Amino acid sequence: MTQQATQPLTQGRAIWLMMKMRLTRQRNMVANHLFSKFRKKQGRNGIGKKSSLWVLTLVMVVFMLFTFFNVSRNVVLNMDCSLSAHSACHVVGKEGERFDDLERAAAELHAAPFRPELARGLTMVVTLLFGIAVLLPLGSKELAQPDWDMEWLVTMPVERSTLLWGRLLERSAANFSGMFALLPPLAVIGWYSGLGWYAPLAALLAMALLLPLAALLHTLADTGLRMWLPASQLRNLQAITGLFSMPLIYFIMALGMPGASGFVMDLARGFPAWTAWTPPGVVLQAMQAPDLGAAVLMVAILLLETAVLMWAGVALMRYQLRHGVVNSGARESVRRKQPAAADATASVGLRARLANALSPIKRRELRLLSRDRNFLVQTLLLPVVIVVSQMIFNGKLNSFAELGQHHTTTAAIAFGIGVYVLMLSAFQTLNNEGQVLWLLYTVPRSIESVLKEKAQLWGALTMIYPLVVIGISAWYTTHFEWRMLALLLIVFAGIPIYSVIAVSLGVFACDPQAVEARARVRPTYVYLYMLLASFYTWSIYSNVWSQKLVVMVLVASMALALWQKARDALPYLLDPAAAPPPRVSTADGLIAATAFFIMQGLIALLIMQGTDTPTLKAATMAFAGAGLLVYVLIRFVYWRNKTSGVPAMLRGGDIAATLRYGALAAAIACAVGLAYMAGLQHTSVWPEIAKQMSASTGSRGWLMALAVLAAPLCEEFIFRGLIYGGLRRSMPALPAMAMSAAIFAVVHPPLSILPVFVLGLCTAWTYERSKTLLGPMLVHAVYNAVILSWQFWR
């Protein structure tokens, strides 16, 4: 036995060990998520897993802190303008319009103490944030599971009260959600209270006194109720807790929005005055103290209140645990009332019809959903609460009747609810399997087919919410516009696409080796999912049809690429030291296409230094340079990783067959292109096209070089070799041709999307038949040469 182990276990040392254990666990979890990239972990097959998303995680943490401080500042300044009738922020413009100048409010708060109405409103804000610091940790833990930490800690040779004090302190130190909720607003309040750069220190001290009280309420709930309530009621309580915390968050965010509903400020204005003597209110009074003596008095009152409440709470917990920390009896043994004969017959008939309509996988998913009330509420009810909270607290819509007037907002709401439902359901498909995930590797079917059925089920269930929102909008719509059909198409096409994205990202986000259930989902992928969803939401608000089409095609291609990556990773999910062998994928093509367009712009800027007008010479050189650079980099990465399936220019192909297939495809593409150009002559856009062609008379040589030489070489390697080649691994030839042609078409000008789509089909068919890039390159070159020649010399 070591000398450290023989030291007496005093109360202070026991509490310190508990805090050290919790903080070490949190540190290891953070290090595992952020810095696993730097660990050299070699698998049995020589391929190790690498994670490069730690940078994204750090960026998201910094972005969240910046956002919280900015929201806190807006809350303080907006409440000063809204609650104080005589505030200096109320400004009248030159034309008599009234608006609020938040910078004037900031200067006013620096110069004088807070007005009573503002102090009362900020007391409400800090109190609600204190409630969030209690509810979020409580809702993130499974209450129905045994508290194994406490059941093992009671074996330590210390008194139970010492363990309870240690539990409160270690939960206070590990309450990161409470820190994010309390630190930014307290620091902002301290800043505008005149504390200057001491405001962060004052916020830390105030948070150090409020977090133990939050840990006290948290522990009273999950420790005491765990002893009194059965598991079914605990799950109901946890569902309600998770449901109640989100409206509080949106309520506080709404206080910082100038266009928020008036009743939000009315609640702040009418907050009870006696709350100023609760711990959150005393914190605010201490920061607003006019002198050092008053501040010391408020701090003493706060310390006394904290000590009394903590002592009373520990005494209550000792009473709760007077019979031990393990509840006796089976919590799940609940006698249920047997249904009547008629009801039983009807239920059997309904179950039989569902059995015929749904597969066993889908029936199992629905059965698990009905049993887990917490999952049921989070999946089907929480998204509605989130979106409705945004509507009510932000003042965007005052009634359901306005859904019939603001159709773009209606479409965004319908899609937003669907995205939230998928994030809380389809995203969790593998994570919800828990410790029995390994069983999916033993059943006589592929995991990919199981995930496909789950994606179909959640996509169908999620579609109910947009249908309800669109139905309400249609009921209140008084006049029809064709633009509504475009919005419907975007929403109803987006739900299946994001169902695939959610399931695919859920594969990478799932960590089967995590001990805690809440750690089995990597938050970085949640942020990535929401980022992709916001990109699609932007297309709903866009007024340009080509932008909507581009976003839909790109997001659909991203969904296919992620599904392919997820399918490749599934066999290695339970092995932390192995990864799939490198192969050409659709994601490689999308990354190459993105890098190609970015590099093209950068090279063009370097070439055109000192000139404002771009030239065809500069565009051709930038195009060729970017294409060559991307080609070299991609080939180098493939060579270094020994990637299989790399597209070849001519190797292994039949030149005669390639020329035959290319000639046939080029004839079809040129015929469609010439017919399309002939049709454009009879439209209103033709004079502008003719004007542009005549203006480029002196640069025809560079234009022909760009279209006939550079474009086929660069674009065919990316769009046919990588994108089509990657898609071909996951789907039949015709769908892969259509998808790759659609991606190829949307990156071209809107006016040429149709003929370019046909060109993409012809080049993909040629690549499928010849198995080399020479054929599609020749088709592409001939098409561009014929179309440009017809325009130049017509």
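The values are calculated or read from the model by the stated rules, or taken from the named source; none is laboratory data. What you see is a predicted model, and the numbers here were worked out from it, not measured in a lab. Reconstructed Cβ throughout: ideal geometry from the backbone, glycine too, with neighbour counts over all protein chains shown.
Summed over the range 447-481, residues that are free of Cβ contacts under 8 Å to residues at least 40 places away in the same chain and over 19 Å from F415 (Cα atoms) total 4.
Identification of helices (runs of 4 or more DSSP H) wholly contained in the range 211-302 with 1 or more residues that are modelled with pLDDT under 85 and small (G, A, S) yields 231-255, 262-269.
Per the listing L761, L722, the residue uniquely buried (at least 23 other Cβ atoms within 10 Å of the Cβ), among the hydrophobic types (A, V, I, L, M, F, W, C) and under 38 Å from the mean Cα position of the chain (by Cα) is L722. Report, ordered by the first and then the second residue, all pairs with beta carbons closer than 7 Å, sequence separation of six or more or different chains, a first member in the range 58-87 that is over 14 Å from Y192 (Cβ atoms), and a second member that is of a type outside the set (D, E) and not in a helix (DSSP H, G or I). Once the first residue is over 14 Å from Y192 (Cβ atoms) and sits in the range 58-87, its partners that are of a type outside the set (D, E) and not in a helix (DSSP H, G or I) give V71/G256.
Listed conditions (1) surrounded by fewer than 19 Cβ atoms within 10 Å (Cβ to Cβ); (2) in contact with a Cys (Cβ under 6 Å, 6 or more places away or on another chain) are all met by V779, apart from (1).
Looking at T620, T594, can you tell me which residue is of a type in the set (S, T, Y), in a helix (DSSP H, G or I), in the same structural domain as R700 (by TED's automatic domain parsing) and loosely packed, with under 14 Cβ neighbours inside 10 Å? Even if it seems obvious, please write down each step before you answer.
Numbers: T620 fails: loosely packed, with under 14 Cβ neighbours inside 10 Å.
From the options T620, T594, the qualifying one is T594.
Residues of the range 425-446 that are assigned to a helix (DSSP H, G or I), surrounded by fewer than 21 Cβ atoms within 10 Å (Cβ to Cβ) and among the aliphatic types (A, V, I, L, M): V436, L437, L439, L440. For the range 445-454, the criterion of being in the same structural domain as Q564 (by TED's automatic domain parsing), among the charged types (D, E, K, R) and closer than 15 Å to A509 by Cβ is satisfied by at least one residue.
The residue list L183, L118 contains one member that is surrounded by fewer than 22 Cβ atoms within 10 Å (Cβ to Cβ) and modelled with pLDDT of 80 or more, which is L183. Screening the range 580-603 for residues that are under 23 Å from the mean Cα position of the chain (by Cα) and not charged (D, E, K, R) and picking the one that is farthest from W639 (Cα to Cα) gives T594. When restricted to residues that are outside any helix (DSSP H, G or I) and at pLDDT 65 or above, the range 685-707 contains 1. Considering (1) buried (at least 17 other Cβ atoms within 10 Å of the Cβ); (2) modelled with pLDDT under 80; (3) in a helix (DSSP H, G or I), the lone condition that L143 does not fulfil carries the number (3).
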